[in-house]
1. Describe numerically, in nm with one decimal, the distance between label points set 7 Å from Cα along Cα→Cβ at Asn192 and at Ala90.
2. Report, largest value first, the span of the C-alpha coordinates of the stretch 88-238 along each principal axis, in whole Å.
3. Evaluate E = 1/(1 + (r/R0)^6) for Glu79 and Arg116, where r is the Cβ-Cβ distance and R0 equals 41 Å; express this FRET efficiency to the nearest 0.05.
4. So what does Tyr149 come to for accessible area, using a 1.4 Å probe and Å² rounded to 10?
5. Hey, any idea what the orientation-averaged projected area of the convex hull of the stretch 176-216's Cα atoms comes to, in nm²?
6. Full extension from Leu220 to Trp54: what is 0.36 nm times the residue separation minus their Cα-Cα distance, to one decimal in nm?
7. Which order do Lys119, Lys202 take by accessible area at a 1.4 Å probe, largest first?
8. Along each principal axis of its Cα atoms, how long is the stretch 153-365 end to end? Whole angstroms, biggest number first, please.
Amino acid sequence: MKNKLITGLRFTGLGFLEPLVRLIQGEDPQKNTLAFVKRAIFPLLSIALFIGIWHASADYLYNKEATARIEKAREKQGETAATEMKECIASGDVSCQPNTLPSPAKVWLAYQTLLRDHKVISNDKAAFKKKTAALNAKRKAKGDAPITYTGRPSFVDQIITSLQTVFAGFLLAALIAIPIGIIIGLSSTLRNSFNWLIQILKPVSPVVWLLLVFMIVKTLITNPDMDKSFMISFISVGLCAMWATLVNTSMGVSSVDKDFVNVAKVLKLNVGQNIFKVVLPSSLPMIFTGLRITLSVAWMVLIAIELLAQSPGLGSFVWEEFQNGANDSNAKIIVAMFVIGLIGFLLDRIMMTIQKMMSFNKAEVA
């Protein structure tokens, strides 16, 4: 039971709790206490240090901007105006507050504001859905499109939209890259023939892919009811992010153990059997490494693509807050930054866990 618990902690990425579990069970107290301090306490101290530096930096920049505003008022309008500006800043009036790096406390308040805003918008959506239920039922019976809520999306709605876009792009990347990688990997001639194209297209900027996809989609999709912005976003994400999977799949297939290849020849496996029974199982570690990189790249380029395409999502949210210039806009942008980073970390952990599961199952079968 103990070994299973420790294995589970390692498997789920909570290995830093392993020394604590061993300590509770009375196993080598001195060694495990030291290990727990190194794995858990020190990271917590680093978080505290980060917040402390952040708070001090925000306070310094706030005071510097406040002083600059007071001095500017003194130079242009005199001492009375400078005193009024100083009193206005001290009162907390949003009309004269320095708009610079927000403190951790302001970011936390912005986070709570976004959650409250989400609750209000969710209630509005529920009320709208209830109000239009009967009318939409009649429209559905006639074959007409239902009336949908057209109000602004909440922060949580935009997170969900970004996740839907990145998963659609990731799926597109996998569907394109894995088959092509297998085909190229099986033939050294094809690898040499198309390597130049891969090396040229791999470093292309997301902006270029977005413009290319935009030109193609707007020409091919003429139906005004279709969500072109979503299509443009996820296709651009997929094309930007697929190269790591393509290269890794090709390398994995081309480096299959020669003994396995010889066994397949002896057993006279056809092409399909050779791919699914020999090539793919041997290439899975490399393929999953490529998929893990692809998902990370997809999440990074998604924000830039949403910002440029003005499609709903976190990228659009950040741009709108930047353009808005409200007193709490900077704090909301910092909230979005942490959410983007946290989701990126969780996506990477999910892919790593799936990769470990595949490796674990493979080892068990062996």
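1. Placing both labels 7 Å beyond Cα along the Cβ direction yields 8.0 nm.
2. 71, 56, 26
3. Values: r = 41 Å, r/R0 = 1.01.
Using R0 = 41 Å, I get an efficiency of 0.50.
4. Probe radius 1.4 Å; accessible area of Tyr149 about 80 Å².
5. Details: hull surface 13.6 nm².
Seen from a random direction, the Cα hull of the stretch 176-216 projects 3.4 nm² on average.
6. Numbers: separation 166, 0.36 × 166 = 59.76 nm, distance 4.89 nm.
54.9 nm is the gain from fully extending Leu220 to Trp54.
7. Values: Lys119 135, Lys202 85 Å².
These residues rank, largest area first, as Lys119, Lys202.
8. So the extents along the principal axes, rounded to whole Å, are 71, 41, 30.
The values are calculated or read from the model by the stated rules, or taken from the named source; none is laboratory data. What you are looking at is a predicted structure, and each value in this text was computed from that prediction instead of being measured. Here Cβ is always computed from backbone atoms with ideal geometry, including for glycine, and neighbour counts include all displayed protein chains. Protein only, heavy atoms only, side chains kept; ligands, DNA and RNA dropped before computing areas. Shrake-Rupley method; radii C 1.70, N 1.55, O 1.52, S 1.80 Å.
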